[in-house]
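The values are calculated or read from the model by the stated rules, or taken from the named source; none is laboratory data. The structure presented is a predicted model; accordingly, all values stated were derived computationally and were not measured. Note that we place each Cβ from the backbone using ideal geometry, even for glycine, and neighbour counts take in every protein chain shown.
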Amino acid sequence: MALAHMHASGMGGIRTAGDLVARMQLSKKMRLNEAKEYVAGKLKVSVEDLVDEVIMNEVRQDLDISTVYAGMGEMSRGIESKFRIAKLLDLEINSVQRFLRKTNWQY
Amino acid sequence: MVVTRMGDGSFITMSKDEVRRDIEEGMADAVKRGKIDPLGVDEIDHLVDICCRPQKFVSVEKGNELILSYDSGALKITRLGIPIGMPQIMQLYERAFAADSLELAYVHYSFKPIKSIVPEEQYAVAETSLVTTAPLLYGAMPNLPLYTKPDGPCDNAAELLPAGKIEEARRAQEEAVDYAVKDMVFVSSGVYEAGADGIDFDTTGAAGDAEFYATLLATEKLRAKYPDMAIEIGMAGEFVLGFHGQLEYDGVRLAGLYPHKQVKLAEKAGASVFGAVVNTNSSRTFPWNLGRAVTFCKACAEAATIPVHANVGMGVGAVPLVMTPPIDCVSRASTAMAEVGKLDGL
């Protein structure tokens, strides 16, 4: 069922920019269109580009914020990409803050 | 003729006029019960079109995509009998299932049993947060009945009410609320401290108004404790059952509230996302259920200031009440909720 929804109406997660738009909904209570526009502005792409796998794969590679091929190559993955996303979207991400506390790092 | 289904999943055929009639009747039922606005003519036409397309699978037009969140998403893999750990399930959701957000969960999906294994759940959350990129929620059910005898310390209101002990039943539910709030705050704090982005209170209100009340109180406390925590309140049904009958939050009586009024209290308590539910009537057709569900959810999204993610799964959001929801109905409900319901997510 999750796959049916993903194909029918989902944004696509880290295949595109779905995770970033979701973050703005969950963290800042932004409604859908506001969240899409915010993320598009930060990524310097159009709102339409946010669900284009081809464009977003390149954008995510350029920004080094993880793609579905997170296990391959030198790209950031997991917590590494969340450090970059926090800065990119001007957000405090809880797991990033925890990482900083646990490693006693300043960021 | 249009091939569609009943709410129990069985195939039926209908004429296009019959599809339209059932959509309008489902909508009228929602309007009457919820005292909400009907859909416009264009919106009904759109629903008719979605129902009548011959394809097995339909989808939104490019640009109308929304955000997907998951209730007990991790457990869907566990239930398949695939023995892999939670961090790996979350990686599958992120990289193979294109999930916009992730939800980690324990197989005993209620706060009361999780309370005693919070350290183990913190481990799973902390590990997952290192290897995933998408927002990570932890989900569980408030499940107030677990606090009643013989499983818990409180008298059972479901036994007291038939015996005519109304006041005793109310006091027992209020006592259970106190226990539930403590557990919800304890578990949620634990997983948040371990690195989760937030919590998903799933099937809120399954035990009626007292359970909804407990969840609103827990949300309020968590919002005060963690201002940046993501808190999703997903409901159990379209209508808050008045099992207690007198409980109020912010001066509003909880019993009898429909989604467009539930969401206002969720906002007041501090929720980030509200999960609206509309139950599927298995004796009515898919078009009837779709017209009804979309009307309720659209009214909720219009009333809300926070994102609204409708529940569109087994037996809710017009999806037939079956264990393996047919994708012809799931994809149509998904499309209708996005394009007509104007929801922020599912």
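Annotations for the structure displayed:
- Per-region count, segment B:295-312, residues surrounded by 19 or more Cβ atoms within 10 Å (Cβ to Cβ), over 21 Å from B:Arg33 (Cβ atoms) and in contact with a helix residue (DSSP H, G or I) (Cβ under 8 Å, 6 or more places away or on another chain): 2
- The residue that is nearest to the other protein chains (Cβ to nearest Cβ), among those in segment A:87-96 that are surrounded by 14 or more Cβ atoms within 10 Å (Cβ to Cβ) and outside any helix (DSSP H, G or I), is A:Ile93.
- Filter pass, B:Arg95 being surrounded by 20 or more Cβ atoms within 10 Å (Cβ to Cβ), modelled with pLDDT under 95 and within 28 Å of A:His7 (Cβ to Cβ): yes
- A:Ser66 being within 9 Å of chain B (Cβ to nearest Cβ), among the polar types (S, T, N, Q) and within 22 Å of A:Val45 (Cα to Cα): yes
- Segment B:98-107, residues that are surrounded by 16 or more Cβ atoms within 10 Å (Cβ to Cβ) and more than 7 Å from chain A (Cβ to nearest Cβ): B:Leu102, B:Glu103, B:Leu104, B:Ala105, B:Tyr106
- Options B:Pro119, B:Pro145, B:Pro150, B:Pro113: the member that is assigned to a loop (DSSP other than H, G, I, E, B) and out of contact with any Phe, Trp or Tyr (no Cβ under 6 Å at 6 or more places or on another chain): B:Pro150
- Flag if A:Phe99 is in a helix (DSSP H, G or I), within 9 Å of chain B (Cβ to nearest Cβ) and of a type in the set (A, V, I, L, M, F, W, C): yes
Residues are listed down the side, and each one gets a yes or a no for (1) surrounded by 18 or more Cβ atoms within 10 Å (Cβ to Cβ); (2) within 17 Å of the chain's Cα centre (by Cα); (3) of a type in the set (Lys, Arg); (4) within 19 Å of B:Lys112 (Cβ to Cβ):
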| position | (1), (2), (3), (4) |
| --- | --- |
| B:Gly208 | yes, yes, no, yes |
| B:Leu216 | yes, yes, no, yes |
| B:Phe239 | yes, yes, no, no |
| B:Phe243 | yes, no, no, yes |
| B:Asp250 | no, no, no, no |
| B:Gln262 | yes, yes, no, no |
| B:Leu265 | yes, yes, no, no |
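- B:Pro259 satisfies every condition listed in (1) closer than 24 Å to B:Thr13 by Cα; (2) in contact with a strand residue (DSSP E or B) (Cβ under 8 Å, 6 or more places away or on another chain) except (1).
- Test set (1) touching a Lys or Arg at 6+ places or on another chain (Cβ under 7 Å); (2) surrounded by fewer than 24 Cβ atoms within 10 Å (Cβ to Cβ) - B:Gly190 fails condition number: (1)
- Per the listing B:Lys62, B:Lys115, the residue uniquely more than 24 Å from the chain's Cα centre (by Cα) and among the basic types (Lys, Arg) is B:Lys62.
- Filter result for A:Glu58 (facing another protein chain (nearest Cβ under 8 Å), farther than 14 Å from B:Asp344 by Cα and among the acidic types (Asp, Glu)): no
- On the stretch given as segment B:170-219, residues that are in contact with a Cys (Cβ under 8 Å, 6 or more places away or on another chain) and hydrophobic (A, V, I, L, M, F, W, C) total 2.
- Only one entry in B:Val191, B:Val125 is within 14 Å of chain A (Cβ to nearest Cβ), out of contact with any Asp or Glu (no Cβ under 7 Å at 6 or more places or on another chain), of a type outside the set (Ser, Thr, Tyr) and within 29 Å of A:Thr67 (Cα to Cα), namely B:Val125.
- Checked against the criterion of being within 14 Å of chain A (Cβ to nearest Cβ) and at positive phi, the candidates B:Gly270, B:Gly275 yield just one match: B:Gly270.
- Subset of segment B:181-220 (residues that are among the small types (Gly, Ala, Ser), within 16 Å of B:Glu267 (Cβ to Cβ) and in a helix (DSSP H, G or I)): B:Ala218
- Note on segment A:77-86: among residues that are within 10 Å of chain B (Cβ to nearest Cβ) and in contact with a helix residue (DSSP H, G or I) (Cβ under 6 Å, 6 or more places away or on another chain), the one that is surrounded by the most Cβ atoms within 10 Å (Cβ to Cβ) is A:Lys82.
- Of the helices (runs of 4 or more DSSP H) entirely within segment B:1-97, those holding at least 3 residues that are more than 14 Å from every other protein chain (Cβ to nearest Cβ) occupy B:16-34, B:41-52.
- Scanning segment A:16-35 for residues being buried (at least 23 other Cβ atoms within 10 Å of the Cβ) and either within 7 Å of chain B (Cβ to nearest Cβ) or at positive phi (or both) gives a total of 8.
- B:Arg292 vs. criteria within 13 Å of chain A (Cβ to nearest Cβ), buried (at least 24 other Cβ atoms within 10 Å of the Cβ) and charged (D, E, K, R): no
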